[in-house]
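J.: First the structure, then my questions, so here it is.
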Amino acid sequence: MEDPKLTAERILDNVERVIIGKTHEARLALITLLCGGHLLIEDVPGVGKTMLARALAASTGCRFSRIQFTPDLLPSDVTGVSIYQQQTGGFEFRAGPVVAQIVLADEVNRATPKTQSALLEAMEEHQVTVDGITHILPQPFMVMATQNPIEYEGTFPLPEAQLDRFFLRLHLGYPSSTDEVLVMDAQQTRHPIDTLAEVTTAGEVLELQGAVREVYVDPLIKQYIVSLVNATRDHESVYLGSSPRGSLALMRATQAYAMLDGRDFVQPDDVKLLAYPTLGHRIIVSPGARVRDIDSGQIVDECIERVPVPGVRARGGA
């Protein structure tokens, strides 16, 4: 396999043919895939959430599936069902749309909690169980869930336990005026997603996932991550801080970021950059703080200011 950084850059360059002007967000989505995690995208309609998922799947050669979550969606519509076959006298498993490699769970908060929970086993265990029989999901496996942060009527907010299972949360945001014109130019005759070529394979993605785990994380960096997560638990404006799963996610995300940056070690700045996307959705702000318009982003920023940065050894020094 070639240099992991070059392979990752090929994927990012290909994705940016479709998602214009969102390099950082595309990088976060790729980091999630390379860490074997799941991504939650919160944003208004029409900013490219679905296209990001499709472009990432097309670029990596991964099988793509889309589930439109609605109030009448059943758990079996997600996982699949067992159908009786008269010819054989037995039951045959018909896989649901979650049996893919990159799964887009569109407007996940519009389905009932029972249907939302059908994703839990798939996200955490990478398997589904139907009629007592377990079916292993293909690898790599990643759920990209979207939700609209504006319209809450008729929705079922994700519970904290399910939010915690998402590796990162990101917001795409509106493009700049210049980028919006470029989007119009790119789609004037046909959508670039229709001609997007595969630049790597699912097997190479698995190799990249292995390379991420080989990136060195100094013990001082690990302590810095734990101290930062502990600070979210002790913050005066927090009702519930980040879980230990947040510490693991932050460490793994910094490994992937360092690899994409061409380094074989993690720096404290990597931790600062990825702290909010990794920890923000795992923090429950206290009611009193919400009244004062304090959000999880401000809390993470304050925790970063309060926790001392490790010394030169963690920066790759002697």
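The values are calculated or read from the model by the stated rules, or taken from the named source; none is laboratory data. Here the structure is a predicted model, which means the values were calculated and not measured. When we count neighbours, we look across all protein chains shown, and the Cβ atoms used for this are built from the backbone with ideal geometry, even at glycine.
J.: Regarding the stretch 59-75, can at least one residue be identified that is hydrophobic (A, V, I, L, M, F, W, C), touching a helix residue (DSSP H, G or I) at 6+ places or on another chain (Cβ under 7 Å) and in contact (Cβ under 8 Å) with a residue 60 or more places away in the chain? Full working, then the answer.
T.: Applying the first criterion (hydrophobic (A, V, I, L, M, F, W, C)) to the stretch 59-75 yields 62, 64, 67, 69, 73-74.
Remaining after also requiring touching a helix residue (DSSP H, G or I) at 6+ places or on another chain (Cβ under 7 Å): 62, 64, 67, 69, 73-74.
Now restrict to residues that are in contact (Cβ under 8 Å) with a residue 60 or more places away in the chain: 62.
Within the stretch 59-75, one or more residues are hydrophobic (A, V, I, L, M, F, W, C), touching a helix residue (DSSP H, G or I) at 6+ places or on another chain (Cβ under 7 Å) and in contact (Cβ under 8 Å) with a residue 60 or more places away in the chain.
J.: For the stretch 270-291, which residues satisfy the criterion of being outside any helix (DSSP H, G or I), among the hydrophobic types (A, V, I, L, M, F, W, C) and surrounded by fewer than 22 Cβ atoms within 10 Å (Cβ to Cβ)? So that I can check it myself, show each step before the final result.
T.: To start, the set of residues in the stretch 270-291 that are outside any helix (DSSP H, G or I) comprises 283-286.
Applying the additional criterion that residues be among the hydrophobic types (A, V, I, L, M, F, W, C) yields 283-285.
If the condition is that a residue be outside any helix (DSSP H, G or I), among the hydrophobic types (A, V, I, L, M, F, W, C) and surrounded by fewer than 22 Cβ atoms within 10 Å (Cβ to Cβ), then I284, V285 are the ones that fit.
J.: Would you please name the residue that is modelled with the highest pLDDT, looking only at residues in the stretch 87-105 that are surrounded by fewer than 20 Cβ atoms within 10 Å (Cβ to Cβ) and either touching a strand residue (DSSP E or B) at 6+ places or on another chain (Cβ under 8 Å) or acidic (D, E) (or both)?
T.: The initial filter retains those residues of the stretch 87-105 that are surrounded by fewer than 20 Cβ atoms within 10 Å (Cβ to Cβ), namely 87-95, 97.
If we keep only those that are either touching a strand residue (DSSP E or B) at 6+ places or on another chain (Cβ under 8 Å) or acidic (D, E) (or both) too, we end up with 90-95, 97.
On the way: G90: 81, F91: 82, E92: 83, F93: 86, R94: 88, A95: 89, P97: 93.
Filtering first and then ranking leaves P97.
J.: Now a separate question. Going through the stretch 75-110 one residue at a time, which ones are part of a loop (DSSP other than H, G, I, E, B) and more than 20 Å from F141 (Cα to Cα)? Give the derivation first.
T.: Of the residues in the stretch 75-110, the ones part of a loop (DSSP other than H, G, I, E, B) are 86-89, 96-101, 107.
Result: Q86, Q87, T88, G89.
J.: Okay, next question. Considering only residues that are surrounded by fewer than 16 Cβ atoms within 10 Å (Cβ to Cβ) and not polar (S, T, N, Q), which ones fall in the stretch 136-146? Give the derivation first.
T.: Taking the stretch 136-146 and keeping what is surrounded by fewer than 16 Cβ atoms within 10 Å (Cβ to Cβ), we get 136, 138-139.
Once the filter is applied, which keeps residues that are surrounded by fewer than 16 Cβ atoms within 10 Å (Cβ to Cβ) and not polar (S, T, N, Q), the stretch 136-146 yields I136, P138.
J.: More than 23 Å from E214 (Cβ to Cβ) and outside the structural domain of L248 (by TED's automatic domain parsing), is that true of T23? Don't jump to the end; show me each part of the working.
T.: Working: more than 23 Å from E214 (Cβ to Cβ): yes; outside the structural domain of L248 (by TED's automatic domain parsing): yes.
For T23, the condition - more than 23 Å from E214 (Cβ to Cβ) and outside the structural domain of L248 (by TED's automatic domain parsing) - is met.
J.: Cβ contacts < 7 Å: first residue assigned by TED's automatic domain parsing to the domain that holds G241 and within 17 Å of G246 (Cα to Cα), restricted to the stretch 283-299; second residue of a type outside the set (A, V, I, L, M) and surrounded by fewer than 16 Cβ atoms within 10 Å (Cβ to Cβ), any location; separation 6+ or different chain. Result?
T.: From the stretch 283-299, the pairs are I284/E160; I284/Y239; V285/Y239; V285/D295.
J.: Being exposed (fewer than 15 other Cβ atoms within 10 Å of the Cβ) and either at pLDDT 90 or above or among the hydrophobic types (A, V, I, L, M, F, W, C) (or both) is the filter here, so list the residues in the stretch 147-162 that pass it. I'd like the intermediate steps shown before the answer.
T.: Step one: list which residues in the stretch 147-162 are exposed (fewer than 15 other Cβ atoms within 10 Å of the Cβ), which gives 149-154, 157, 159-161.
Those that are exposed (fewer than 15 other Cβ atoms within 10 Å of the Cβ) and either at pLDDT 90 or above or among the hydrophobic types (A, V, I, L, M, F, W, C) (or both): I150, A161.
J.: Follow-up question, since we're still on this one. With respect to T129, is the statement that it is within 22 Å of V81 (Cβ to Cβ), outside the structural domain of S247 (by TED's automatic domain parsing), outside any loop (DSSP other than H, G, I, E, B) and among the β-branched types (V, I, T) true?
T.: Judged against the criteria, T129 is a match.
J.: So, one more: Taking interchain pairs and intrachain pairs at least six residues apart, which have beta carbon atoms under 6 angstrom, with the first residue in the stretch 187-207 and over 16 Å from M51 (Cβ atoms) and the second surrounded by fewer than 14 Cβ atoms within 10 Å (Cβ to Cβ) and of a type in the set (A, V, I, L, M)?
T.: From the stretch 187-207, the pairs are E207/M1.
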